[in-house]
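Read the structure below first, then the notes.
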Amino acid sequence: MVLFILVIVVLLCGCWDQRRLKHTKFMVTIGFDQYDEEQIEATTAIRLFQGIVAGEGEAINEIVSGRGFTVRDTLVSLNRKIADDPLPMKLKTILVSEDLAKKNIFELLDTFYRTPETSLEARVMVTKGKTSDYINLRKIEGTLVGEHLADLVISAENDSMIPQQSAQALQSYLYDEGKDIVLPIVKLEEGVIELGGLALFHKKKMTGEIPSEDSEIYMALTGKVERDLRFTEEVSIEEKKEKKKTHITIRVKKLDRKLKVKTNSPDKIEVNIDVKLKADAVEFPPDHLDSKEIVESINKSLSKTFTERAKTVVQTLQEANCDGFGIGRELMAYHPKTWEKIDWKKTYPEIKIKPKIEIEVTGGGLTY
């Protein structure tokens, strides 16, 4: 037994790859900007604690920037300015400036996919303006900027304002021939960070965007929504043979989405996206939702308005050559012969996509 134990001890690898916490610092967020024609600049926020007494202290951000020709080069530059090793284990957000996103977003993410310490649950987002302007805010309403950005995006995902997209999920889409990626855009106005819509990509380059007021329409067309999806829209109602305009806020209770691809030849591809929404009216000042006439007027008005908005979203996607609905996947799965004969990047912008949204208000809150 003693001999056996000695042999096992010799074969043990030990702790050759250990990293001591006292010699490491964790990056919470990192952003990338174009510095000049050749170099990029990385700015990171590292969470520290100030005035630690008995395990308690105030959380602060240490902001460090580095420049290089590649992402790895910028990380080496950061390491030269930080006393300990900066690690991406606690990374919550990766910010990419709009200028860099229009070139090749994968070149910025490749290093993180090759680094085993990276937290692939980090959210990737595109920024209007320089990412360093966001990170240098340090704190927003008492919350460190890295945590604030992560909370902002996760909250928007739960409210079905933007698609759920982690760095890990993003990697598979970057190589998917039948689906393109869509990422959230954030903008900075007067020191306040807010959602600015959706960035549309073709392959690895940003090619367009959907404004924030239409992001929920895009989400409805994808069919991937949560119960917190809400819309506020102007409606035209008819009451006692009089027409008038007002506003209504609805909350989606149930969504049924069907995507059908029809094709007889590579030159003729038609796509129908039918969405049926059942919703509660959570705000409707004129009241009288117990009137069948008024409810029918609301349903008709909302369905018409949302269908027109859906057509605008589809047009924007096709102009950006962004297959955010995964229509190419449907072709590959159910029409493989057609798929083999077409060049999707040239065919997709020309196909006919017909969206239709039908809305049925089935309730009016607690009082109905």
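The values are calculated or read from the model by the stated rules, or taken from the named source; none is laboratory data. Just so it is clear, the model here is predicted, and its values are computed rather than measured. Cβ coordinates were reconstructed from backbone atoms using ideal geometry, including for glycine residues, and neighbour counts include every protein chain displayed.
How many residues are within 24 Å of LEU183 (Cβ to Cβ), out of contact with any helix residue (DSSP H, G or I) (no Cβ under 6 Å at 6 or more places or on another chain) and outside any strand (DSSP E or B) when one looks only at the range 80-97?
Residues meeting the conditions: 4.
Please tell me if VAL28 is surrounded by 15 or more Cβ atoms within 10 Å (Cβ to Cβ), out of contact with any Asp or Glu (no Cβ under 9 Å at 6 or more places or on another chain) and either at pLDDT 90 or above or within 15 Å of ILE82 (Cβ to Cβ) (or both).
Working: surrounded by 15 or more Cβ atoms within 10 Å (Cβ to Cβ): yes; out of contact with any Asp or Glu (no Cβ under 9 Å at 6 or more places or on another chain): no; either at pLDDT 90 or above or within 15 Å of ILE82 (Cβ to Cβ) (or both): yes.
No.
If I filter the range 198-226 down to residues being among the hydrophobic types (A, V, I, L, M, F, W, C) and in contact with a Gly (Cβ under 7 Å, 6 or more places away or on another chain), which single residue comes out as farthest from ILE357 (Cα to Cα)? Let's see the steps before the verdict.
Of all residues in the range 198-226, those among the hydrophobic types (A, V, I, L, M, F, W, C) come to 198-201, 206, 210, 217, 219-221, 225.
Filter once more, keeping what is in contact with a Gly (Cβ under 7 Å, 6 or more places away or on another chain): 200, 210.
Numbers: LEU200: 22, ILE210: 18 Å.
Ranking the qualifying residues of the range 198-226, first place goes to LEU200.
Whether any residue in the range 328-335 is on the phi > 0 side of the Ramachandran plot, modelled with pLDDT under 95 and either assigned to a helix (DSSP H, G or I) or out of contact with any Ser or Thr (no Cβ under 7 Å at 6 or more places or on another chain) (or both) is what I want to check. Even if it seems obvious, please write down each step before you answer.
First pass over the range 328-335, keeping only residues on the phi > 0 side of the Ramachandran plot: none.
Checked against the condition, which is being on the phi > 0 side of the Ramachandran plot, modelled with pLDDT under 95 and either assigned to a helix (DSSP H, G or I) or out of contact with any Ser or Thr (no Cβ under 7 Å at 6 or more places or on another chain) (or both), the range 328-335 yields no hits at all.
Matching residues to (1) modelled with pLDDT under 85; (2) hydrophobic (A, V, I, L, M, F, W, C); (3) part of a strand (DSSP E or B):
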residue: ARG19; (1), (2), (3): yes, no, no
residue: GLU37; (1), (2), (3): no, no, no
residue: ASN61; (1), (2), (3): yes, no, yes
residue: GLY66; (1), (2), (3): no, no, yes
residue: LEU78; (1), (2), (3): no, yes, no
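Mind counting the residues in the range 176-198 that are surrounded by fewer than 18 Cβ atoms within 10 Å (Cβ to Cβ), at pLDDT 90 or above and closer than 17 Å to SER132 by Cβ?
2
I'd like to know if the range 117-128 contains one or more residues that are at pLDDT 90 or above, surrounded by 16 or more Cβ atoms within 10 Å (Cβ to Cβ) and either more than 22 Å from PHE325 (Cα to Cα) or more than 16 Å from the chain's Cα centre (by Cα) (or both).
Looking only at the range 117-128, we keep the residues that are at pLDDT 90 or above, and these are 123-128.
Those still in the list that are surrounded by 16 or more Cβ atoms within 10 Å (Cβ to Cβ) too: 123-128.
Filter once more, keeping what is either more than 22 Å from PHE325 (Cα to Cα) or more than 16 Å from the chain's Cα centre (by Cα) (or both): 127-128.
Yes, the conditions are met somewhere in the range 117-128.
For the structure I just gave you, tell me whether LEU221 is more than 26 Å from TRP339 (Cα to Cα), hydrophobic (A, V, I, L, M, F, W, C) and surrounded by 13 or more Cβ atoms within 10 Å (Cβ to Cβ). Please lay out each step first, then the result.
On the way: more than 26 Å from TRP339 (Cα to Cα): no; hydrophobic (A, V, I, L, M, F, W, C): yes; surrounded by 13 or more Cβ atoms within 10 Å (Cβ to Cβ): yes.
Here the answer is no, as LEU221 does not meet what is asked.
Name, by its number, the condition in (1) in contact with a Pro (Cβ under 7 Å, 6 or more places away or on another chain); (2) of a type in the set (Gly, Ala, Ser); (3) without any contact (Cβ under 8 Å) to a residue 60 or more places away in the chain that does not hold for ALA333.
Condition (1) is where ALA333 drops out.
Test each condition in (1) over 28 Å from the mean Cα position of the chain (by Cα); (2) closer than 30 Å to MET206 by Cβ; (3) surrounded by fewer than 18 Cβ atoms within 10 Å (Cβ to Cβ) for ASP290 and report the one that comes out false.
(2)
Does GLU209 satisfy the criteria of being among the charged types (D, E, K, R), crowded, with 17+ Cβ neighbours inside 10 Å and part of a strand (DSSP E or B)?
Working: among the charged types (D, E, K, R): yes; crowded, with 17+ Cβ neighbours inside 10 Å: yes; part of a strand (DSSP E or B): yes.
Answer is yes for this residue.
Please go through the range 166-178 and pick out each residue that is under 17 Å from LEU109 (Cβ atoms) and either touching a helix residue (DSSP H, G or I) at 6+ places or on another chain (Cβ under 8 Å) or part of a helix (DSSP H, G or I) (or both). Steps first, answer last, please.
Just the residues of the range 166-178 that are under 17 Å from LEU109 (Cβ atoms), to begin with: 166-176.
Correct list: ALA167, GLN168, ALA169, LEU170, GLN171, SER172, TYR173, LEU174, ASP176.
Taking the condition β-branched (Val, Ile, Thr), part of a loop (DSSP other than H, G, I, E, B) and surrounded by 13 or more Cβ atoms within 10 Å (Cβ to Cβ), does VAL235 pass? First the steps, then the outcome.
Details: β-branched (Val, Ile, Thr): yes; part of a loop (DSSP other than H, G, I, E, B): no; surrounded by 13 or more Cβ atoms within 10 Å (Cβ to Cβ): yes.
It is false that VAL235 is β-branched (Val, Ile, Thr), part of a loop (DSSP other than H, G, I, E, B) and surrounded by 13 or more Cβ atoms within 10 Å (Cβ to Cβ).
Just to be sure I understand the filter: pairs with C-beta atoms under 6 Å, separated by 6 or more residues or on different chains, first member in the range 294-322 and in the same structural domain as LYS346 (by TED's automatic domain parsing) and part of a loop (DSSP other than H, G, I, E, B), second member surrounded by 20 or more Cβ atoms within 10 Å (Cβ to Cβ) and acidic (Asp, Glu). Which pairs pass?
CYS322/ASP180
Looking at (1) of a type in the set (A, V, I, L, M, F, W, C); (2) buried (at least 18 other Cβ atoms within 10 Å of the Cβ); (3) assigned to a helix (DSSP H, G or I), which is the only condition PHE325 fails?
Single failed check for PHE325: (3).
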